[in-house]
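The values are calculated or read from the model by the stated rules, or taken from the named source; none is laboratory data. It should be emphasised that the depicted structure is a prediction, and the values quoted were computed from it without experimental measurement. Here the Cβ positions follow ideal geometry from the backbone for every residue, glycine too, while neighbour counts run over all protein chains shown.
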Amino acid sequence: MFERILVPLDGSKVGEAALPVIEQLIDKLAAETKVEITLIGVITLLRHWVVVGEASAPVSYTEEELKLIKGRVANNLANVGEAIKKRNVTIKTIVATGNAADEILKAADEINADLIAMSTHGRSGLRRLAFGSVTDKVLHGTHIPVLMVRAPEGTKNE
């Protein structure tokens, strides 16, 4: 059934909303199947704004800053992985940079994922149009089944 599951995480509580569902799925699968879960974190902002007086300008992160950001993302993924590690389950992590949807789709192909399990913010209408939807882009950009879990009402995007 599902042996290789890709789980995109963005470091927020909303992003982790799919984890309890994945844990239930693992409990059902792990007894019969060797399950490998790959957690992916994508760094999408490769620059920040510097403001001096009334002027502002985008500045790319230095290699050192990017290294620190990647380290934080890797630590977060490792912590989440430890929390969901169970008997007969292998946890892997990927830290990528670029467009979130593109990197998720690329990783799914690279690991030959059977399932992409991800949270959705549940935006609709103008908010979805303005912010885009990584989940929607992933759903329509792959042939792999996508399990979408809507974050519970009141979950803050921290």
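Annotations for the structure displayed:
- Looking only at segment 88-115, residues that are assigned to a strand (DSSP E or B) and touching a residue at least 60 places away in the same chain (Cβ under 8 Å) come to 2 in all.
- Flag for L39 being modelled with pLDDT of 95 or more, buried (at least 17 other Cβ atoms within 10 Å of the Cβ) and within 20 Å of A151 (Cβ to Cβ): yes
- Enumeration of residues in segment 60-87 that are surrounded by fewer than 10 Cβ atoms within 10 Å (Cβ to Cβ) and in a loop (DSSP other than H, G, I, E, B): T62, R87
- Selection count where residues are of a type outside the set (S, T, N, Q) and free of Cβ contacts under 8 Å to residues at least 40 places away in the same chain, scope segment 27-64: 19
- Residue ranges of strands (runs of 3 or more DSSP E) in segment 1-59 with at least 3 members farther than 23 Å from N112 by Cβ: 47-52
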